[in-house]
Amino acid sequence: MKECRYYQKLEGGAVACLLCPHHCHIADGKTGRCLSRRNDGGILLSEVYGKPCALAIDPIEKKPLYHFHPGTECLSLACTGCNFRCLNCQNHDISQVSPTDVPHYDLSPETLIALCQKHHCPGIAYTYTEPLTYLEYITDCARLAYEAGLWNILVTAGYVCQEPLADLLPYLDAANVDLKSFSDDIYMQVSGGHLQPVLDTIVAMREAGVWLEITNLLIPDINDDMDMIRQMCRWLKENNLANAPLHFSRFFPRYKMQEIQPTPLYTLKEAKRIAEEEGIVHVYLGNV
Ligand code: SF4
């Protein structure tokens with residue numbers, strides 16, 4: 001547990017969290033939407049600082065990152081919490097719960113680096129849930145990892161404010177950003193957030209020289225409109241991301257989206273055809 005860096009005190013003991021665009025106003029004793037930041041007597045605490053609930057060694061391709069040191073492995077880490085409410089969340093058992101609902105490790109940034117070195121992993125991936133909701137922890141880890149010559153990899157939905165993100169960017173080597181659709185309405189309907197901050201995150205990462213790959217999960221009749229996919233690809237190209245690998249991923253029924261059938265293969269192939277037609281150089285199909 002550690003005091004958060006990004007918040008403001010309000011009248012009456014409440015606080016405003018300034019980490020992500022939700023800007024939660026949190027009364028004393030309550031937590032924000034991500035469930036991991038709690039107002040304790042006017043002090044906003046990150047309850048998951050140093051307390052990952054998941055640790056694993058993964059092939060880097062699993063993130064997915066296909067063009068960043070392929071064939072290597074990374075130490076993957078997650079704490080509970082997410083600032084989205086995706087109806088199709090694959091990791092809702094750790095992303096949509098309070099820190100006290102699941103067991104956790106006690107792992108200081110220093111111990112994490114030692115663990116990484118012990119297992120000969122060249123990098124750390126902050127992944128599985130939404131690492132940006134525990135930015136204080138990952139920034140402290142990332143700074144030490146950077147000094148130790150280890151890579152820092154972020155797997156994220158990209159919903160964060162620019163100022164806090166800027167504190168992490170100098171230490172970040174690669175990221176896979178989940179661009180869930182190219183429609184603000186669909187973002188709100190499926191995830192409970194907005195599109196523009198995610199686009200801003202992608203641009204900020206590109207400008208900072210972070211190696212970027214993009215994932216777009218295609219959900220039948222929700223975000224598989226080919227005109228919208230074309231617009232998304234055009235935006236990527238206009239923003240100098242034609243060479244960023246684009247992963248179209250297949251949907252399977254999950255969490256609160258059990259009634260929707262898996263994405264047909266022809267939808268994925270058509271999305272790939274359109275992306276390539278629009279000039280995206282590396283297009284992959286995932287979960288197929
Ligand atoms: S990081 Fe969490 S507490 Fe802070 S504004 Fe976002 S959802 Fe709210």
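Which value in deg cm²/dmol, rounded to the nearest 500, describes the helix-derived mean residue ellipticity at 222 nm for the chain, given -39,500 (n - 2.57) per DSSP H run of n ≥ 4 and division by the residue count? Taking each H run of at least 4 residues, the total per residue is -7500 deg cm²/dmol. Just the number, please: carbon plus sulfur as a percent of the accessible area of the stretch 54-286, 1.4 Å probe, no ligands or DNA/RNA counted. Within the stretch 54-286, the accessible surface is 50 percent carbon and sulfur. For the chain, lysine pairs separated by 8 or more sequence positions, or belonging to different chains, with Cα-Cα distances below 25 Å total 25.
Of the beta bridges DSSP finds with both residues in the chain, what % are antiparallel, to the nearest 5? The antiparallel fraction comes to roughly 45 percent.
Counting only protein heavy atoms and a 1.4 Å probe, tell me what percentage of the stretch 2-46's accessible area is made up of carbon and sulfur. Reported share for carbon and sulfur atoms: 50 percent. Whole-percent P(r), the stretch 2-46, all Cα pairs, 5 Å bins from 0: 5, 31, 41, 20, 3. Compared with the dominant principal axis of the Cα atoms in the chain, helix 135-147 is inclined by about 80°. Over the chain, accessible surface divided per residue gives 42 Å², non-protein components excluded, 1.4 Å probe. Along the axis of the charge dipole computed for the chain (Cβ charges of +1 for Lys and Arg, -1 for Asp and Glu, origin at the Cα centre), the listed residues Val190, Ile280, Gly209 are led at the positive end by Val190. Contact order, relative form, for the chain: 14 percent (alpha carbon pairs under 8 Å, 6 or more residues apart, mean separation divided by residue count). Dipole magnitude for the chain: computed about the Cα centre from +1 point charges on Lys and Arg Cβ and -1 point charges on Asp and Glu Cβ, it is near 280 debye. Considering only Pro103, Pro197, Pro253, the mean-square fluctuation computed in a Gaussian network model of the chain, springs between alpha carbons under 10 angstrom, is largest for Pro103.
The distance separating the Cα centre of the stretch 65-138 from that of the stretch 5-33 comes to 24 Å. For Thr100, the shell of other residues with beta-carbons less than 15 Å away shows a net charge of -1, using +1 for Lys and Arg and -1 for Asp and Glu. A cut-off under 15 angstrom between Cβ atoms defines the neighbours of Arg37, and their net charge, with Lys, Arg +1 and Asp, Glu -1, is +1. Remark on the chain: Rg and Dmax equal 18.5, 56 Å (Cα only). To test your reading of the geometry: what angle, between 0 and 90 degrees and rounded to tens, separates the Cα axis of helix 196-207 from the longest principal axis of the chain? Value to nearest ten degrees: 90. Relative to the longest principal axis of the Cα atoms of the chain, the long axis of helix 109-118 lies at roughly 50 degrees.
The values are calculated or read from the model by the stated rules, or taken from the named source; none is laboratory data. Every value quoted in this text rests on a predicted model; they were computed, and no experiment measured them. We place every Cβ from the backbone using ideal geometry, glycine too, and count neighbours over all the protein chains shown. The accessibility values were calculated without ligands, DNA or RNA, using every heavy atom of the protein model including side chains. Shrake-Rupley method; radii C 1.70, N 1.55, O 1.52, S 1.80 Å.
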